[in-house]
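Report on the structure given below.
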Amino acid sequence: MSDDLTGALEQAAAQAREAARAARSLDELEEVRTAHLGRKGALTALLRQIGTLPPEKRGAFGKLANERKREVEEQFAGRERELAAARLRSVLDFDPTTPGPRPARGHEHPVLAMLREIEDIFISMGFLVLAGPEVETEYYNFEALNIPEHHPARDLQDTFWMETGAECRWVLRTHTSPMQVRALERFGAPLRAIVPGRVYRNETLDATHEATFHQVEGLMVDRGVSVAHMKGVMAAFLERLFGQKIVIRLRPHYFPFVEPGFELDFGCVFCGGAGCAICKRSGWIEILGCGLVHPRVLRAGGVDAEEFTGFAFGVGVERLVMMRHSIEDIRHFHSGSLRFFEQF
Ligand code: PHE
């Protein structure tokens, strides 16, 4: 029986020493120490059994047990010195003058970046940059732009109406064009201005249609402004934007607030006009609406339509960004997905 006890003692002592060696921190070492040497520890339980041995065996076993216990305690003490030294070293190695990790820095939304770029181009051509209200009156969004209440042209832009009184009806602006009239009222003619901003349409959403998107309106009013000026400014704008020589063409198109009105295409810069996926194999990309400001619009802005003429244009910003970066779905822009935005 004492041989069994001796075997158990040797095993318990070996396990305790191994556990001390394996401890990775002072806290862990303390836990292990309690498990082996504490009041309820494995080794302690064995030592208690000395009393159950026949008296003639107690002496030898007791001696051995105390020796093993001392060895285990030494092992713990040695490991404690090692761990304490390592901790001290890590404290001394810490250099408080080392710069900390920098917080990750974000960047502009690709649509905002495009707006800034367009602003810079027009500022360099002497245009003011104006902002207008996103909640607009029916008058400025439609009537002042020669779109009367029961005219079919109203249906071109389905609208979000605000629930307000009958005497003045409010809408989320469907385009930036209402600022043509507001700008003329405020600054008069001659005037060169662009209006970047957010617009809203009651659209069915798909890969190319969003209910919220951005436009840049442009307006140039002076004596003798013609379609030739418009073509020149539009070509200069697109050449700066795409960084290369550009050809443009005008196709007649109806917008109630211009006369004549056009849709402007430019020769595809991605395939050189040969035909590719971006220009839908036509060699041309439809990019903006434009035309000579309708005399009614000039008059609504308080400008003498006999003395002044002007051109206006409106360009969708998301489409430009999508083209430049080959983005296939407009809905990415409002997704808030960093996996999308970190690519720009
Ligand atoms: N406001 C028009 C639209 O949103 C674009 C446009 C602006 C057309 C100015 C002609 C002149 O479709």
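The values are calculated or read from the model by the stated rules, or taken from the named source; none is laboratory data. From a predicted model like this one, the values you see are computed outputs, not experimental measurements. Neighbour counts run over all protein chains shown; Cβ positions are idealised from the backbone, glycine included. These accessible areas exclude ligands, DNA and RNA; they are computed on the full protein's heavy atoms, side chains included. Shrake-Rupley method; radii C 1.70, N 1.55, O 1.52, S 1.80 Å.
For Leu219, the accessible surface of its heavy atoms amounts to roughly 10 Å² (probe 1.4 Å, protein chains only, rounded to the nearest 10). Distance between the pseudo-spin-label points of Tyr139 and Glu71 (7 Å out from Cα toward the beta carbon): 10.2 nm.
Quote the Stokes-Einstein diffusion coefficient, in whole µm² s⁻¹, for the range 65-202, based on the Kirkwood radius over alpha carbon pairs, a temperature of 25 °C and a viscosity of 0.890 mPa s. Can you show the working numbers first?
Values: Rh = 21.5 Å.
Rounded, D is 114 µm²/s.
Which order do Arg24, Arg102, Arg223, Arg79 take by accessible area at a 1.4 Å probe, largest first?
Working: Arg24 170, Arg102 210, Arg223 140, Arg79 30 Å².
Largest accessible area first, the residues go Arg102, Arg24, Arg223, Arg79.
Near Lys245, which lysines are there with a Cα under 25 Å away, not counting those fewer than 8 places off in the same chain? Excluding near neighbours in sequence, the set is Lys231, Lys280. Per residue, the chain reaches -13000 deg cm²/dmol at 222 nm when only DSSP H runs of four or more residues are counted, each adding -39500 (n - 2.57).
Divided by 2.2 N^0.38 Å, where N counts the residues, the Cα radius of gyration of the range 203-286 comes to 1.25. Looking at the range 58-110, the GluC sites (Glu not before Pro) that sit in a DSSP loop and have at most 15 other Cβ atoms within 10 Å of their own Cβ are Glu108.
Each of Met323, Leu219, Trp161 was placed along the dipole of the chain (beta-carbon charges, centred on the mean Cα), and the one lying farthest toward the positive end is Met323.
In the range 245-344, what trypsin sites (Lys or Arg not before Pro) fall in a loop by DSSP, with at most 13 other Cβ atoms inside 10 Å? Could the numbers behind the result be given before it?
Details: sites: Lys245, Arg249, Lys280, Arg281, Arg296, Arg299, Arg319, Arg324, Arg331, Arg339; in loops: Lys245, Lys280, Arg281.
Answer in residue order: Lys245, Lys280, Arg281.
Considering only Cα atoms, the convex hull volume of the range 2-92 works out to 69 Å³ per residue. What translational diffusion coefficient, in µm²/s and rounded to a whole number, does the Stokes-Einstein relation yield for the chain at 25 °C and a viscosity of 0.890 mPa s, taking the hydrodynamic radius as the Kirkwood radius over Cα pairs? Estimated diffusion coefficient is 92 µm²/s. Protein heavy-atom accessible surface, 1.4 Å probe, per residue over the range 2-92: 64 Å². Of the listed residues Tyr254, Tyr140, the order by accessible area with a 1.4 Å probe, largest first, is Tyr254, Tyr140.
Accessible area per residue for the range 230-331 in Å², computed with a 1.4 Å probe and the full protein assembly in place, what is it? Don't jump to the answer; show the numbers that get you there.
Details: 4590 Å² over 102 residues.
The answer is 45 Å² per residue.
Projected label points at Asp3 and His325, each 7 Å from Cα along the beta carbon direction, are separated by 8.2 nanometres.
Which residues does a label at Met125 reach in the range 304-326, if reach means a backbone N under 15 Å from a point 7 Å past the Cα toward the Cβ? The answer is 310-316, whose backbone nitrogens lie closer than 15 Å to the label point. When the chain is treated as a GNM with alpha-carbon contacts under 10 Å, the residue of Glu203, Glu138, Glu28 showing the greatest mean-square fluctuation is Glu28.
Ligands, DNA and RNA excluded, the heavy atoms of Asp158 present near 90 Å² of accessible surface to a 1.4 Å solvent probe. Please report how far the C-alpha centroid of the range 121-192 lies from that of the range 1-74, rounded to the nearest whole angstrom. When both Cα centres are located, 90 Å separates them. The length gained on full extension between Arg39 and Ala153, counted as 0.36 nm times the residue separation minus their Cα-Cα distance, comes to 31.8 nm.
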